[in-house]
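Below: the structure, in structure tokens.
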Amino acid sequence: MTTKKSFDEINEKIRKGKAVVVTAEELTGIVEEKGISDATKYVDVVTTATFGPMCSTGAFLNFGHSDPPIRMEKIELDNVSAYGGLAAVDAYIGAAEPSTDRGIEYGGAHVICNLIDGKKVHLKAYSKGTDCYPRKEIDTYITKDSINEAYLYNPRNCYQNYSAAANTSDRTLYTYMGVLQPGLGNVNYSTSGELSPLLKDPYLRTIGIGTRIFLAGAEGYVAWQGTQFASGKPRGENGIPLSGACTLAVIGNLKEMSTEYIQPAIFEKYGVSMFVGIGIPIPVLDSDLLFNLSVQNKDIYTNILDYSVQRSNKPVLAQCSYEELRSGFVSIEGKKVKTSPLTSLYKSREIARVLKNWVAEKGFTLQPPIAPFPKGVTLKSLEQGRL
Amino acid sequence: MQGCIHCGACTAACTKGALKMEPESGTVSCDESLCTHCNACIRACPARALTYNQIRRPYVSEKRLSEAYEGR
């Protein structure tokens with residue numbers, strides 16, 4: 001008889017402290033021992049996680065009104081420009097924004113982390129002044145406790161898969177995928193592989209708008225499909241796309257986050273980015289989902305792209321599994337090439353374990369998607385010229 | 001090593017194959033016989049966890065950087 005479980009049944013077990021919760025890596029051994037059918041009955045929730053760099057990260061802040069009030073038009077936080085084209089004292093600071101005084105050595109990602117750590121941040125704001133907001137300038141300090149709202153809103157995180165990067169040219173390339181050495185000197189990749197959330201629920205059956213997640217050490221939510229969401233990408237037999245496909249927009253209370261799980265990143269000769277820790281609990285609803293959850297690195301493939309070709313569509317040099325990438329070397333046209341990760345497997349594992357504890361011991365129940373994500377979505381390119 | 005997030009970007013920048021990361025523990029180690037002290041790893045570290053003092057002194061071969069340079 002086929003096992004089927006509902007979110008309600010699993011949540012009831014979580015509330016009673018009786019749910020069997022394992023990390024995606026732990027599931028592998030259970031499936032080898034019990035098989036798919038018995039493992040489906042036995043396991044209730046599988047935790048997944050990732051801790052990788054993602055430029056599409058930022059935070060909304062509301063500073064509160066000064067007296068007399070100001071309609072902030074130009075805003076700087078520690079000399080990092082924040083977007084003020086919102087209501088009078090609302091702002092959005094992007095992680096990738098560099099500072100005016102220290103360049104990429106200090107940017108929006110650093111400001112966000114300093115706020116999370118409770119440190120003082122220097123706020124300067126300017127306005128032309130209006131009858132209702134007469135002040136034209138303010139120079140003060142804020143902390144996360146002195147302001148009203150502070151919430152992380154990341155338009156794109158948690159890529160379902162991502163192509164690895166290499167360089168066939170004769171010069172070193174400095175990219176958001178790290179340093180790429182000339183003459184196929186190395187291959188860099190960015191994913192937690194078999195721990196990565198969207199690789200484990202490839203058709204997003206359990207992940208949609210409203211899904212409750214671990215976000216940088218706090219409770220967060222999936223807010224929307226991420227930007228550049230492409231559910232229509234070609235998939236392998238196991239349902240996993242071979243390149244970047246689905247993404248998530250996520251939201252959470254910055255005031256409750258921990259810099260253990262969110263960190264600034266500086267990529268040489270590229271810019272500022274941010275490592276963001278995300279964990280997603282996936283309920284074992286049936287054996288089809290458990291099969292997806294049990295897919296291992298050896299069965300997850302990605303393309304290796306040539307970043308020396310400065311086009312949006314970069315040529316594929318080879319295809320390889322994450323087991324090969326994680327081994328430290330891959331073979332490209334007979335050449336043994338060193339591989340390096342950019343996503344921290346160490347931190348990803350830690351997040352998967354913390355989330356496992358939240359679900360198993362602290363009653364972190366699972367929120368069914370309030371609305372599913374669209375299927376068959378393809379990416380549009382930006383064309384030059386008139387429509 | 002304080003600030004290390006165990007991502008692996010330093011190993012990508014090392015042109016001599018001197019830096020290696022143990023995938024299970026995330027520990028970075030350096031083979032002294034291969035390291036030329038070019039500092040490419042320092043510049044590539046996105047967390048700015050590596051410092052010049054850690055790199056310019058010779059390593060104990062295959063010893064954890066964090067152990068070799070703790071407290072310096």
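The rows are residues; the columns are (1) exposed (fewer than 15 other Cβ atoms within 10 Å of the Cβ); (2) of a type in the set (A, V, I, L, M, F, W, C); (3) within 18 Å of residue A:194 (Cα to Cα).
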| site | (1), (2), (3) |
| --- | --- |
| A:4 | yes, no, no |
| A:20 | no, yes, no |
| A:27 | no, yes, yes |
| A:31 | no, yes, yes |
| A:42 | no, no, no |
Quick check, is residue A:317 modelled with pLDDT of 95 or more and open to solvent by less than 30 Å² (accessible area, probe 1.4 Å)? no
What pairs come up if the first residue lies in region A:312-330 and is under 19 Å from residue A:193 (Cβ atoms), the second is open to solvent by 60 Å² or more (accessible area, probe 1.4 Å) and of a type in the set (Phe, Trp, Tyr), and their beta carbons are under 9 Å apart, counting only those six or more places apart or on different chains? A:319/A:301; A:320/A:301; A:321/A:301; A:322/A:301
Among the residues of region B:1-19, the number that are assigned to a loop (DSSP other than H, G, I, E, B) and either within 24 Å of residue A:275 (Cα to Cα) or open to solvent by less than 10 Å² (accessible area, probe 1.4 Å) (or both) is 10
What pairs come up if the first residue lies in region A:360-387 and is at negative phi, the second is at pLDDT below 95 and loosely packed, with under 10 Cβ neighbours inside 10 Å, and their beta carbons are under 7 Å apart, counting only those six or more places apart or on different chains? A:381/A:312
The number of residues in region A:165-179 that are under 18 Å from residue A:315 (Cβ atoms), out of contact with any Ser or Thr (no Cβ under 6 Å at 6 or more places or on another chain) and either of a type in the set (A, V, I, L, M) or more than 11 Å from chain B (Cβ to nearest Cβ) (or both) is 6
Whether any residue in region A:66-74 is under 26 Å from the mean Cα position of the chain (by Cα) and surrounded by fewer than 22 Cβ atoms within 10 Å (Cβ to Cβ) is what I want to check. no
Exactly one of (1) under 26 Å from residue A:159 (Cα atoms); (2) touching a residue at least 60 places away in the same chain (Cβ under 8 Å) is unmet by residue A:94. Its number? (2)
Would you be able to say whether some residue in region A:263-285 is of a type in the set (A, V, I, L, M, F, W, C), more than 14 Å from chain B (Cβ to nearest Cβ) and surrounded by fewer than 22 Cβ atoms within 10 Å (Cβ to Cβ)? yes
Step by step: first the residues of region A:286-332, then only those that are within 14 Å of chain B (Cβ to nearest Cβ) and among the aromatic types (Phe, Trp, Tyr), then the one that is farthest from the chain's Cα centre (by Cα). Which residue is that? A:329
For the condition at pLDDT 95 or above and open to solvent by less than 10 Å² (accessible area, probe 1.4 Å), what is the one hit in A:100, A:57, A:50? A:57
Entirely in region A:272-387, the strands (runs of 3 or more DSSP E) that have 3 or more residues that are touching a Leu at 6+ places or on another chain (Cβ under 8 Å): A:301-306, A:316-321, A:335-341
By residue number, the members of region B:20-38 that are outside any loop (DSSP other than H, G, I, E, B) and either out of contact with any strand residue (DSSP E or B) (no Cβ under 9 Å at 6 or more places or on another chain) or more than 9 Å from chain A (Cβ to nearest Cβ) (or both) are B:28, B:29, B:30
Qualifying position, being closer than 21 Å to residue A:164 by Cα, open to solvent by 30 Å² or more (accessible area, probe 1.4 Å) and of a type in the set (Ser, Thr, Tyr), among A:343, A:339, A:378: A:378
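The values are calculated or read from the model by the stated rules, or taken from the named source; none is laboratory data. Just so it is clear, the structure is predicted and the values come from calculations on it, not from any experiment. Positions of Cβ are backbone-derived with ideal geometry, glycine not excepted, and every protein chain shown enters the neighbour counts. Only protein heavy atoms, including side chains, enter the accessible area calculation; ligands, DNA and RNA are left aside. Shrake-Rupley method; radii C 1.70, N 1.55, O 1.52, S 1.80 Å.
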